[in-house]
Amino acid sequence: MSAGSKLRETLARSGLVEAMAAHSPLSAMLAAEAGFDAIWASGFELSAMYGVPDVSVVSMTQHLDMTRAMVDRSGLPVVADIDTGFGNAINVLYAIEQYERAGAAAIVMEDKSFPKVTSLIAGGRQDMVRIEEFQGKIEAARAARRDPSFVIVARTEALIAGLGQDEALKRARAYEAAGADMILVHSKQKTPDEIEAFARAWNGKAPLALVPTAYPQMTVARVRALGKVGLLIWGNHAIRASVGAMRETFARIRRDGGIHGVEASIATVEDVFDLPGLGRVQADEKRFLR
C-alpha cells in the first residue's frame with residue numbers, strides 16, 4: 001500500500017486523520033510512539049530547527065531530505081508542508097515528483113506569493129497570488145503525481161490575509177475545481193469562530209484540513225462535530241515543547257552549577273539509546289561480525 005493510500009484508508013476508516021508536527025526523524029518517531037495517524041513535516045518547525053525565520057529561507061533540498069528521513073524512521077504517512085511550492089507551477093512539477101519519490105503521502109501548498117512570511121506573526125506580509133495562478137499550481141501537482149492516491153491539499157490564506165469569508169470560500173471552491181483533494185483553511189483568530197463559520201458555509205465535496213494553533217479550544221471532539229474535516233494538524237507543538245524543555249534544563253544546570261538537579265526530569269541515556277534501535281545494532285553485531 002502506498003503512503004497516500006494508507007493516509008486515505010485511515011481517513012475512510014476513522015473519519016479524521018490526526019497529524020503531529022515534526023522537524024526531525026526523532027520527533028517523528030516520538031509522534032508515532034504517541035499514536036498519531038500521520039506526521040506533519042512542518043516548514044515552520046524545520047526553519048526553527050535550523051535557527052532561521054520561516055520566510056522561505058530553508059531550501060527544498062533541506063526540507064525534502066528531512067521529509068525522506070521522517071518517512072523512513074516513523075513508519076507513518078508524512079504530510080509535507082511545501083509552503084508555496086518553491087516557486088511557480090514549473091517548480092511545483094519538480095517538487096511533486098521529488099516528494100512522491102521520497103515517500104510522502106501528501107503535500108500542502110498555500111496560495112501566498114514566494115517568498116512567503118509565516119502566517120501567524122503579527123503584522124507579517126501576507127501577499128496572495130491570483131486564483132488562476134494557484135489553480136495552475138494545483139493542476140501541475142496533479143499532472144506530476146504518478147500515484148493517484150498521493151494527496152494534494154490546497155491551503156488558502158485568505159483569512160490570514162484579512163480578505164474575509166467570501167474570498168476564502170471563493171478560493172476554496174476554485175481550488176477544488178482545479179483538482180485539490182483537500183482544502184486547508186487557516187486562521188489567526190484566537191477563537192474557532194471564524195473557522196467554524198467557514199466550515200458551515202463550505203458546500204464542496206473535498207474534506208477540510210485545519211491547523212488550530214491560534215485557537216486551542218478546537219478539540220478533536222469539536223472538529224468531529226463539524227462533520228467536514230478530514231485532516232487535523234497539530235502544527236508546531238514539537239518544536240515549542242523542545243524549546244521549552246531545553247530552556248528549562250539549560251537554565252537549571254547553570255543555576256545549580258551541575259547536572260544533578262535535572263537528571264530526574266529528563267530522558268535517560270538508555271531511553272535515547274533505545275529509540276533509534278541501538279539494542280538491535282548490538283544484537284546484529286553479535287550475529288554477523290566475526
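The values are calculated or read from the model by the stated rules, or taken from the named source; none is laboratory data. Because the structure is a prediction, the values reported are computed rather than measured. Counting neighbours? That spans all protein chains shown, and the Cβs are built from the backbone with ideal geometry, glycine included. These accessible areas exclude ligands, DNA and RNA; they are computed on the full protein's heavy atoms, side chains included. Shrake-Rupley method; radii C 1.70, N 1.55, O 1.52, S 1.80 Å.
Within the shell defined by Cβ-Cβ distances under 10 Å, the residues around LEU120 carry a net charge of 0, with Lys and Arg each +1 and Asp and Glu each -1.
All Cα-Cα distances of region 230-287, cut into 10 Å bins from zero to the largest, leave 18, 30, 28, 20, 4 percent in each bin in turn. Take the Cα radius of gyration of the chain and divide it by 2.2 N^0.38 Å, N being the number of residues; the result is 1.05.
For the chain, give the percent of accessible area contributed by carbon and sulfur heavy atoms, probe 1.4 Å, rounded to a whole number.
For the chain, the apolar C and S fraction of the accessible surface comes to 55 percent.
Residue ranges 135-143, 148-156 sort as 148-156, 135-143 when ordered by packing (mean number of other C-beta atoms within 10 Å per residue, highest first). Each semi-axis of the equivalent ellipsoid for region 13-104 is √(5λ) with λ an eigenvalue of the Cα gyration tensor; in descending order they amount to 21, 16, 11 Å. According to the Cα-based calculation, Rg over Rh for region 160-249 is 1.04, with Rh computed by the Kirkwood formula.
Pick from ILE233, ILE266, ILE39: which residue has the top mean-square fluctuation in a GNM of the chain where Cα pairs under 10 Å get a spring? Answer for the Gaussian network model of the chain: ILE266. Using a Gaussian network model of the chain with C-alpha springs under 10 Å, which one of ILE195, ILE183, ILE107 is most mobile by mean-square fluctuation? Of the options given, ILE195 has the highest mean-square fluctuation. Think of a 1.4 Å ball rolled over the protein heavy atoms: region 1-150 then has 41 Å² of accessible area per residue. When the listed pairs LYS6/LYS228; LYS6/LYS112; LYS137/LYS170; LYS116/LYS170; LYS112/LYS205 are checked against a 27 Å cut-off, the alpha-carbon distance exceeds it for LYS6/LYS112.
In plain terms, the C-alpha convex hull of region 100-170 casts an average shadow of 5.5 nm² when viewed from every direction. From Cα pairs below 8 angstrom and at least 6 apart in sequence, can you work out the relative contact order of the chain, rounded to a whole percent? The value is 18 percent. Classify region 53-147 as rounded, prolate or oblate, taking a ≥ b ≥ c as the square roots of the eigenvalues of its Cα gyration tensor: rounded when a/c is under 1.5, otherwise prolate if a/b is larger than b/c and oblate if not. In terms of gyration-tensor shape, oblate. Among residues other than ASN203 with Cβ under 13 Å from its Cβ, the summed charge is +4 (Lys and Arg +1, Asp and Glu -1). With all pairs of separate Cα atoms included, region 1-66 yields a Kirkwood hydrodynamic radius of 13.0 Å. Per-residue ellipticity at 222 nm computed for the chain from its helices equals -14500 deg cm²/dmol, with DSSP H segments shorter than 4 residues left out and the rest contributing -39,500 (n - 2.57).
Other residues whose C-beta falls under 14 angstrom from the C-beta of VAL57 contribute a net charge of -2, scoring Lys and Arg +1 and Asp and Glu -1. The GluC sites (Glu not before Pro) of region 214-290 include none that meets both conditions, a loop assignment by DSSP and at most 16 other Cβ atoms within 10 Å of the site Cβ.
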